[in-house]
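The values are calculated or read from the model by the stated rules, or taken from the named source; none is laboratory data. Note that the structure is a prediction, hence the values are computed from the model and not measured. So basically every Cβ, Gly included, is an ideal-geometry build from the backbone, and we count neighbours across all protein chains shown.
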C-alpha cells in the first residue's frame, strides 16, 4: 500500500494493534464542562491550533484561571472572556524552540480568527443538545469555512479540535464513527519509527533526518499514509480511531520523543501516560513489535520539518 513517497506496512500495523489490545482509554468529563462551557471550548481550540503547547499545562492553566476570576464570572462569560486564559497558556507552556517562537504571533492570529467565527456562529455546539458531525450541516463540513481551519490542507487542526471536544465530553455527537484520524507530528514520528510507514524514495528518507523541507505535498502524502496505517492498527487493536489516536499521541509525546526514543522509559514526567499504557518496568508498550527498538536507523528518524512558509499548518 503506497501513498506518494511512502509505503504502509499492513502486517506491522496488525502487530502493533495487537500489542495495544485491551488498552481502551476511559475519558473523564472535563472538570469545567458542566458550568464553564466557554473556557473548555477555548481550551479545545487553543490545543488544536497551538500544537506545540504542553496540553497538561494548558489544561491546568484553564482550570486555574476559572478559579482565579471566580466561578460565577467565568460561567456567565462569552467565549471571548476565556480567550485570554487560553492564549496565556499557549505562550507560557509552549515548547520554547526557535521555530515555534517565530510562529507564535501567527498562531495567535489564527486562534483569534477561529474564536471570532465561533462568537458569531456557535455551529450547533450547545452544552445540552446532541450535535452532528456528518452531512452538509454537520460540524465537519461547517468547520471547512472557518478561517484558520479552512487553510489547513489536511484538516489536522479541525480533526484535533473535534477529538478534543469528544474527549472533554463538552458536546455529545450522535455519529462518532465518522471521526477521522488527527495526524500531528508526534504520531508521524511514532509511525515511521515503529515501521508501519516507510519511505520508498531517497528524498522521503532524507526528510526524516531533521532537515527542513519545502515540499508540502510530501508531508501531506506522509500524513495520509499514517492515517491509513492508523485505521489498520485500530481495527487490529479492537479500538475506535479516537481511542487509538489518543493512546499513540501519548506514546509519541512522552516516550518516542524527537530528541530520543525512550524505549526503556521512563516517560517524560511532565507528560504522563494514561494508566492503560503503563508497563511493569516503565518502558514503551510497543517495544516488542517496534522496528526502531531493534534497529538504530529508524530509531533516530524524526518527523519532517517544513520550512517557515508552510509550518503554520503543519
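For residue 146, the conditions (1) closer than 17 Å to residue 247 by Cβ; (2) at pLDDT below 90 are fulfilled apart from (1). The residue that is surrounded by the most Cβ atoms within 10 Å (Cβ to Cβ), counting only those in region 205-263 that are farther than 30 Å from residue 177 by Cβ and touching a strand residue (DSSP E or B) at 6+ places or on another chain (Cβ under 6 Å), is 207. Among residues of region 1-24 that are on the phi > 0 side of the Ramachandran plot, those with a beta-carbon under 9 Å from a residue that is at pLDDT below 95 and in a helix (DSSP H, G or I) at least six positions away or on a different chain give the pairs 4/204; 4/217; 4/218; 4/220; 4/221; 4/222; 4/224; 22/276. Counting only helices (runs of 4 or more DSSP H) that fall entirely inside region 202-293 and contain at least 3 residues that are under 27 Å from residue 58 (Cβ atoms) and either in the same structural domain as residue 153 (by TED's automatic domain parsing) or modelled with pLDDT of 90 or more (or both), the qualifying elements are 216-237, 241-254. Within region 167-177, take every residue that is part of a helix (DSSP H, G or I) and more than 13 Å from the chain's Cα centre (by Cα) and give me the one that is surrounded by the most Cβ atoms within 10 Å (Cβ to Cβ). Checked region 167-177; the qualifying residue surrounded by the most Cβ atoms within 10 Å (Cβ to Cβ) is 168. Among the conditions (1) out of contact with any helix residue (DSSP H, G or I) (no Cβ under 9 Å at 6 or more places or on another chain); (2) closer than 28 Å to residue 46 by Cβ, the only one that residue 265 does not satisfy is (2). The condition of being out of contact with any strand residue (DSSP E or B) (no Cβ under 8 Å at 6 or more places or on another chain) and outside any helix (DSSP H, G or I) holds for only one of 159, 150, that being 150. Considering region 178-200, the residues that are in contact with a strand residue (DSSP E or B) (Cβ under 9 Å, 6 or more places away or on another chain) and over 14 Å from residue 248 (Cα atoms) include one that is surrounded by the fewest Cβ atoms within 10 Å (Cβ to Cβ), namely 200. Tell me whether region 300-307 contains one or more residues that are farther than 16 Å from residue 181 by Cα, assigned to a helix (DSSP H, G or I), modelled with pLDDT under 95 and out of contact with any strand residue (DSSP E or B) (no Cβ under 6 Å at 6 or more places or on another chain). There is no residue in region 300-307 that is farther than 16 Å from residue 181 by Cα, assigned to a helix (DSSP H, G or I), modelled with pLDDT under 95 and out of contact with any strand residue (DSSP E or B) (no Cβ under 6 Å at 6 or more places or on another chain).
Kindly indicate whether residue 89 is at negative phi and modelled with pLDDT of 85 or more. Criteria not met by residue 89.
Does residue 94 count as touching a strand residue (DSSP E or B) at 6+ places or on another chain (Cβ under 8 Å), under 29 Å from residue 303 (Cβ atoms), at pLDDT 55 or above and surrounded by fewer than 22 Cβ atoms within 10 Å (Cβ to Cβ)? It is false that residue 94 is touching a strand residue (DSSP E or B) at 6+ places or on another chain (Cβ under 8 Å), under 29 Å from residue 303 (Cβ atoms), at pLDDT 55 or above and surrounded by fewer than 22 Cβ atoms within 10 Å (Cβ to Cβ). The single condition from (1) touching a residue at least 24 places away in the same chain (Cβ under 8 Å); (2) over 27 Å from residue 175 (Cα atoms) that residue 247 fails is (2). The numbered conditions (1) in contact with a strand residue (DSSP E or B) (Cβ under 8 Å, 6 or more places away or on another chain); (2) modelled with pLDDT under 75; (3) in a helix (DSSP H, G or I) are all true for residue 124 except (3).
For region 136-147, taking the residues that are in a loop (DSSP other than H, G, I, E, B) and over 20 Å from the mean Cα position of the chain (by Cα), the one that is nearest to residue 48 (Cα to Cα) is identified as 138.
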